[in-house]
Structures are given as structure tokens and as C-alpha cells.
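The values are calculated or read from the model by the stated rules, or taken from the named source; none is laboratory data. Bear in mind that the values here come from a model prediction, so they are computed numbers and not experimental data. Using ideal geometry, Cβ is built from the backbone for each residue, glycine included, and neighbour counts are taken over all protein chains shown.
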Amino acid sequence: MRYDYIAAASPSVNINLSGLHAPSSALVIIVGLTLLSIAPSLLILMTGFTRIFIVLGLTRSALGLQNTPPNQVIAGLALFISLAIMAPVLGQINHVAVQPYLHGKVNATQAIEKGEVPLKSWMLKQTRDSELSMFAGNKQNLLKDPAKLPMTVVIPAFVLSEVQSAFIIGFVIFLPFMIIDLVVASILMAMGMFMLPPTLVSLPFKILLFVLVDGWSLVVHSLLLSFH
């Protein structure tokens with residue numbers, strides 16, 4: 001009887017090992033605010049925003065326009081073009097990482113690891129081997145399988161490759177406008193009009209040429225193709 005009484009009086013301990021649970025609303029809000037705070041850095045360093053913004057800025061410079069269109073317009077256009085390019089990757093990240101985490105199927109660490117895979121795969125397609133080799137350091141043995149490289153190596157290599165690609169595209173865009181400048185300068189010199197700035201005369205012709213060939217659409221189309 002004594003043992004029965006002790007057993008009945010002892011507190012029972014229940015351990016729930018049923019698995020993961022969906023994160024609380026407070027945790028989701030904290031994660032969302034954290035992502036919003038670092039969103040500009042993620043946009044610049046891990047998407048095609050850098051290439052697009054530089055190319056659009058170089059196009060404006062090639063036309064000889066200083067503040068038209070303004071930086072806000074170029075940045076906004078680059079943002080939405082980047083979102084259009086990254087839409088398949090973002091959808092895959094949402095499918096394999098975000099939704100499973102919100103439904104409690106994976107924890108935060110697993111969600112980050114799963115979401116990193118499609119993003120890293122896309123970034124590596126845009127990254128040159130020379131940049132990867134430069135930043136790999138003591139991880140040269142992983143260059144045979146770049147997917148195993150950490151993001152600390154992939155991100156700077158990707159950004160440097162994006163800047164390089166942007167300058168190559170910008171050089172191609174500059175060529176026809178430079179020819180117009182040279183032709184106008186030669187004509188003005190032949191006419192003896194040394195005091196008239198050639199850029200002042202060539203600017204309307206460059207704008208006219210750009211409008212006739214639907215320049216902005218051609219530049220954006222070239223940018224979209226450069227990511228494929």
C-alpha cells in the first residue's frame with residue numbers, strides 16, 4: 001500500500017517528441033523585420049541589381065545626360081527588372097524553405113540551408129571561375145564542385161563578376177555614341193567652329209538615334225538576355 005501511495009503521488013513527466021512546430025507570430029514578425037533591414041544589402045550583393053543599375057547609368061552617361069533620367073528612376077527600374085529576373089529563384093526558395101519553415105516542417109537552420117541552394121546555384125551561373133579562384137583561398141579543392149563553396153566566397157566573386165559584365169555591356173553601348181561625337185567634332189572643326197562644344201551639337205542627334213531605335217527597350221532586352 002505504501003508503494004502504491006508513493007507511485008500515485010509522484011508527479012508524471014510527459015516529453016513531447018512529436019517533432020517540429022510552426023514558428024510563433026512574434027518570431028515570424030522578428031524574422032520579417034530583420035530581412036527588411038538587410039534587404040538593400042541582399043538586393044545589391046545577391047541579385048542582378050548591380051549589373052542592371054550600372055548599365056543603365058552608363059547608358060545615361062553615353063547619351064551625355066547628367067541627371068536625366070534621375071537616379072531614383074534608374075534605381076526603381078533596376079529593382080523591378082531584378083525582381084523579374086529573380087522571380088523563378090525566389091519562387092523556388094519560397095517552395096523549399098520559406099513555406100516548410102512557416103508550417104513547422106523544418107527549423108530555421110534547415111530552412112536557411114535549403115533556401116541557400118537555389119540562390120547559390122543562380123549566382124554561380126553568373127560568376128566567372130577566375131573570381132571564384134581568387135576568393136577561394138584555402139578552399140581551392142572545392143572549385144571542382146563550386147556548389148560546396150561557402151557564401152562568403154560566392155558573394156564577393158559574384159559581385160565582382162557582375163561589375164565586370166556591366167562594364168563590358170556599357171562599353172558596347174558607348175561605341176555608337178562615341179562615333180557620333182567624333183563625326184560631329186570633325187564637322188565642326190572642318191567648318192572652323194572651334195568655340196562651339198561638340199557635345200552640345202551631338203546631344204540632340206544621340207537622343208534622336210536612341211529614340212528611333214527604341215534604345216531603352218533594347219538595353220533592357222540585352223540585360224535580360226545577359227542573365228540567361
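Of all residues in segment 136-147, those satisfying the criterion of being surrounded by 12 or more Cβ atoms within 10 Å (Cβ to Cβ) and modelled with pLDDT of 80 or more are Ala136, Pro146.
Would you tally the residues in segment 163-186 being among the β-branched types (Val, Ile, Thr) and over 23 Å from Pro197 (Cα atoms)?
First pass over segment 163-186, keeping only residues among the β-branched types (Val, Ile, Thr): 163, 168-169, 172-173, 179-180, 183-184.
When the remaining residues are screened for being over 23 Å from Pro197 (Cα atoms), the result is 163, 168-169, 172.
Total meeting the criteria: 4.
Residues being free of Cβ contacts under 8 Å to residues at least 40 places away in the same chain, surrounded by fewer than 17 Cβ atoms within 10 Å (Cβ to Cβ) and among the basic types (Lys, Arg) are entirely absent from segment 103-111.
Does Val154 satisfy the condition of being assigned to a helix (DSSP H, G or I) and within 16 Å of the chain's Cα centre (by Cα)? Judged against the criteria, Val154 is a match. Within the bounds of segment 113-120, is there any residue that is assigned to a helix (DSSP H, G or I), surrounded by 13 or more Cβ atoms within 10 Å (Cβ to Cβ) and in contact with a Leu (Cβ under 7 Å, 6 or more places away or on another chain)? No: zero hits. Please specify each residue of segment 58-93 satisfying the condition of being in a helix (DSSP H, G or I) and over 17 Å from the mean Cα position of the chain (by Cα). Listed by number, the residues that qualify are Leu58, Thr59, Arg60, Ser61, Ala62, Leu63, Asn71, Gln72, Val73.
With respect to the conditions (1) in a helix (DSSP H, G or I); (2) over 17 Å from the mean Cα position of the chain (by Cα); (3) within 30 Å of Ser25 (Cβ to Cβ), Val106 falls short on a single one, namely (1). Name the pairs whose Cβ atoms lie under 7 Å apart, with the first residue in segment 135-150 and over 13 Å from Met123 (Cα atoms), the second not in a helix (DSSP H, G or I), and 6 or more positions between them or separate chains? As it stands, the answer is Ala136/Leu149; Lys139/Leu149; Leu142/Leu149, since those pairs meet every condition given. In this structure, does Arg51 turn out to be within 30 Å of Leu182 (Cβ to Cβ), over 14 Å from the mean Cα position of the chain (by Cα) and charged (D, E, K, R)? Answer is no for this residue.
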